[in-house]
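Notes to accompany the following structure.
What follows draws every value from the coordinates through simple rules; no lab data is involved. Remember, predicted model here, so these are calculated numbers, not experimental data. When we count neighbours, we look across all protein chains shown, and the Cβ atoms used for this are built from the backbone with ideal geometry, even at glycine.
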Amino acid sequence: MTKENSNRIDKTTLNRLKSENTDTAIEAISELKEKGHAGYVPILIELLHTSDNPEIKSRIFRLLAELKQSDAIPLIIDAIENKKYANERQQLVSACWENGLDYSHHLSLFVDLVIENDLEIAFEAYTVITNMSGKISKEIADKESEKLKRAMLEADDQQKQLMHDLLDFLPAFERGIEPQTF
């Protein structure tokens, strides 16, 4: 997906995405990878939610995991928060760490996901957090640390370990973390 395109949704592309013909829909998804824009993200997430086709779902997930447009961040966050997409939440959270965009302004949401969800989603949210870069305020670090400490009292052993690791990570995040390079 590109950043320079306008945010206008092309009706032909929209119809192709919703096509009953799998090849047509997959071709439209592939074209969006090359020349789409963030405005298509809600449409793709809805298609991820409604499609029964595993190939279409896989292609959409790959596209979301490879996004590089920061204007897609609020759209993905909205979908993660939307109960309608609870069945897609693990994939959406996974796409956040895979696409490498900066979700640090949503630290509290990802901490909540670690605390409130099953281990699979919790681990994906933990991975998003531990891949964040930048710097957070002492107030935010303290607030999230307190939230994690309270949650640890009722967490199972595996989630407790994730929370413990985050308690170790937050002070480093407060001091400032450089982006990871691979």
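Farthest toward the positive end of the dipole of the chain, out of L75, F61, L148, is the Cα of L75, where the dipole comes from beta carbon charges about the Cα centre. Taking E98, E139, E124 as the candidate residues, the one with maximal mean-square fluctuation in a Gaussian network model of the chain, Cα springs under 10 Å, is E139.
Within the straight-line cut-off of under 20 Å between alpha carbons, the aspartates and glutamates reachable from K83 are E46, D52, D112, E116, D118, E120, E124, sequence neighbours fewer than 8 places apart in one chain being disregarded.
Could you compute the net charge surrounding L101? Neighbours are other residues with a C-beta less than 11 Å from the C-beta of L101; K and R count +1, D and E count -1. Walk me through the numbers on the way to the answer.
Working: positive: K68; negative: E66, D71, E98, D102.
Counting the neighbours of L101, the net charge comes to -3.
Among N131, N21, N99, the residue with the largest mean-square fluctuation in a Gaussian network model of the chain, with springs joining Cα atoms closer than 10 Å, is N21. Taking amide H as placed 1.01 Å from N in the peptide plane, the amide H of I177 sits under 5 Å from that of G134, K135, each at least 5 places away or on another chain.
Charges only on Cβ, +1 for Lys and Arg, -1 for Asp and Glu: so what's the dipole of the chain about the Cα centre, in debye to the nearest 20?
On the way: 22 positive and 33 negative charges, 100 e Å.
Result for the chain is approximately 480 debye, rounded to the nearest 20.
Here the chain yields Rg over Rh of 1.02, to two decimals, using C-alpha coordinates and the Kirkwood radius.
Between G36, G100, G134, the GNM of the chain built on Cα springs shorter than 10 angstrom shows G134 fluctuating the most. Computed over the alpha carbons of segment 1-101, Rg followed by Dmax gives 12.4, 32 Å. As a length-normalised measure over Cα pairs under 8 Å and 6 or more apart, the relative contact order of segment 36-181 settles at 20 percent.
Using 20 Å as the Cα-Cα cut-off, could you pick out the over-long pairs in K33/K68; K135/K160; K33/K84; K84/K143; K11/K68? Result: K135/K160; K33/K84; K84/K143; K11/K68 exceed 20 Å. Under the combined filter of DSSP loop state and at most 14 neighbouring Cβ atoms within 10 Å, segment 1-80 retains these trypsin sites (Lys or Arg not before Pro): K3, R8, K68.
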